[in-house]
Amino acid sequence: MLISHEKAYQIVMKHVKPLSVETRELHQSLNYVLAEKIKADRDMPPAARSVMDGYALNLDASIKGASTFHVVGECPAGRMNRRRIKPGEAMRIFTGANIPPGANSVAIVEQAVEENGMVTIQGRVVKCQFIFKQGENARKGAILLDAGTMMQPHHVGICAAVGKSVVKVFPKPSILILSTGTEIKDIEDRITKYETRNSNAPMISAALEQNHFKSQIMHLPDDPSLLTKELEKAIRKFQFIISIGGVSKGNYDYIRQSILNLGGAIHYHGIRMKPGKPQLFARMNQHALFYGLPGNPLSSLVGCYEFVLPALKRMSGLDIALCKSTVQAKLSQTVLNDDDRARFYLGRLTVQDSQLWVKPISSNSSADIPACREANGTLIIPLNKKRLKKGEQVDFSLWPPSPFPWNF
């Protein structure tokens with residue numbers, strides 16, 4: 001029985017859980033999801049510090065208006081200075097250096113003239129200028145990063161600033177892409193008119209890699225015994241197996257039976273969507289999940305973005321709400337749905353006058369891979385909706401992992 005794509009997504013999210021937490025060196029944590037809170041280990045900054053190169057001054061009220069100060073030394077960054085600055089005194093100071101005791105202002109070097117042990121400050125100077133206050137950025141114990149944060153370069157910097165050389169993260173699953181079909185040949189092979197180059201496996205692998213998942217690729221001919229044998233090996237080694245092809249109801253579609261032969265539990269087989277009707281989701285054992293994608297390229301690609309990648313993101317610890325990116329955009333032209341299934345129409349998202357617009361891209365069939373060359377996602381025509389008018393707001397499912405990486 002066919003189920004809606006919304007129901008299919010709910011089933012996937014129900015059965016996919018984050019993997020057990022691991023520790024990683026900070027320099028290897030990029031694009032992993034944090035499994036712990038990161039707290040400030042001390043006040044940030046830990047003491048009052050100079051914002052600029054210049055002179056630390058004591059602007060005591062008793063000498064208010066004085067512009068010339070006696071230079072009593074210097075205070076470079078990274079060194080302790082116990083010398084107290086008295087009223088009328090100044091000390092050379094450099095960016096990031098702790099403010100010496102007694103100083104209450106910094107005059108920048110550009111407004112200072114030093115000669116014969118005296119410095120004359122030109123221009124107005126007020127108390128506390130160009131001074132970072134202790135704890136101004138964060139107090140000791142403050143939460144700087146929450147668990148669930150996808151580590152980006154600036155997050156790495158924050159962890160380094162609080163002394164976290166090792167962090168707890170959710171690991172990424174080990175993934176096998178299993179393409180099937182006797183007619184499918186390697187892209188470097190010489191082929192005949194009745195054979196097809198394997199575009200699906202490298203395409204799905206690239207989609208995974210764009211989202212920071214590594215995978216291995218295997219191809220098998222239409223041989224049920226060999227398929228069952230290799231799948232039995234795969235479920236011991238990999239945590240997520242993605243098959244391509246062999247999930248329809250033809251005489252050479254063996255995926256379903258191989259799963260059942262190995263004791264797998266099929267959660268659904270068939271989604272009421274176009275393209276991508278023959279999709280299959282199963283649990284093979286306590287260790288491995290299985291997702292079967294159709295063999296036609298557009299069906300395979302849409303299924304990958306709608307179900308496979310969200311599942312992998314969830315396994316990697318990402319919050320369910322962040323596992324799939326959908327935005328609202330206006331249609332640039334009317335689109336029709338002549339099917340009784342939800343339609344995932346190729347589209348290109350653009351920005352015009354600060355408004356998101358989506359341009360539908362037509363395709364001849366789910367095998368029309370050249371049609372997706374300008375697409376950056378799919379607009380969704382809901383189940384039983386036959387027409388969406390120009391200017392109407394639609395859901396647009398984004399393909400790229402970041403919001404606006406495209407050339408508009």
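The values are calculated or read from the model by the stated rules, or taken from the named source; none is laboratory data. These numbers were taken from a predicted model, which means no experiment stands behind them. Note: ideal-geometry Cβ built from the backbone for every residue, glycine included; neighbour counts use all protein chains shown.
Does segment 73-92 contain any residue that is outside the structural domain of L30 (by TED's automatic domain parsing), in contact (Cβ under 8 Å) with a residue 40 or more places away in the chain and touching a strand residue (DSSP E or B) at 6+ places or on another chain (Cβ under 6 Å)? I'd like the intermediate steps shown before the answer.
Initial filter on segment 73-92 (outside the structural domain of L30 (by TED's automatic domain parsing)): 73-92.
From what is left, the residues that are in contact (Cβ under 8 Å) with a residue 40 or more places away in the chain are none.
No, the conditions are met nowhere in segment 73-92.
Residues of segment 356-408 being in a strand (DSSP E or B) and modelled with pLDDT under 90, which ones?
Listed by number, the list is empty, since nothing qualifies.
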ask   = Of the residues that make up segment 280-296, is at least one touching a helix residue (DSSP H, G or I) at 6+ places or on another chain (Cβ under 6 Å), free of Cβ contacts under 8 Å to residues at least 24 places away in the same chain, assigned to a strand (DSSP E or B) and buried (at least 19 other Cβ atoms within 10 Å of the Cβ)?
value = yes
task = With respect to S225, determine if the residue is buried (at least 18 other Cβ atoms within 10 Å of the Cβ), at pLDDT 95 or above and either in contact with a helix residue (DSSP H, G or I) (Cβ under 8 Å, 6 or more places away or on another chain) or polar (S, T, N, Q) (or both).
result = no
inquiry  = Any residue that is closer than 27 Å to M203 by Cβ, over 27 Å from the mean Cα position of the chain (by Cα) and free of Cβ contacts under 8 Å to residues at least 12 places away in the same chain - is there at least one of those in segment 358-367?
reply    = yes
message = Just to check your reading of the model, which residue among G181, G246 is more than 25 Å from L19 (Cβ to Cβ), surrounded by 14 or more Cβ atoms within 10 Å (Cβ to Cβ), touching a helix residue (DSSP H, G or I) at 6+ places or on another chain (Cβ under 7 Å) and not hydrophobic (A, V, I, L, M, F, W, C)?
response = G246
inquiry  = Which count do you get for residues in segment 255-279 that are in contact (Cβ under 8 Å) with a residue 60 or more places away in the chain and under 15 Å from G181 (Cβ atoms)?
reply    = 1
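Let's see how each residue does on (1) under 25 Å from the mean Cα position of the chain (by Cα); (2) not assigned by TED's automatic domain parsing to the domain that holds Y254; (3) not β-branched (V, I, T):
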site: A112; (1), (2), (3): no, yes, yes
site: Q122; (1), (2), (3): no, yes, yes
site: A142; (1), (2), (3): yes, yes, yes
site: H155; (1), (2), (3): yes, yes, yes
site: R190; (1), (2), (3): no, no, yes
site: H212; (1), (2), (3): yes, no, yes
site: Q216; (1), (2), (3): yes, no, yes
site: P224; (1), (2), (3): no, no, yes
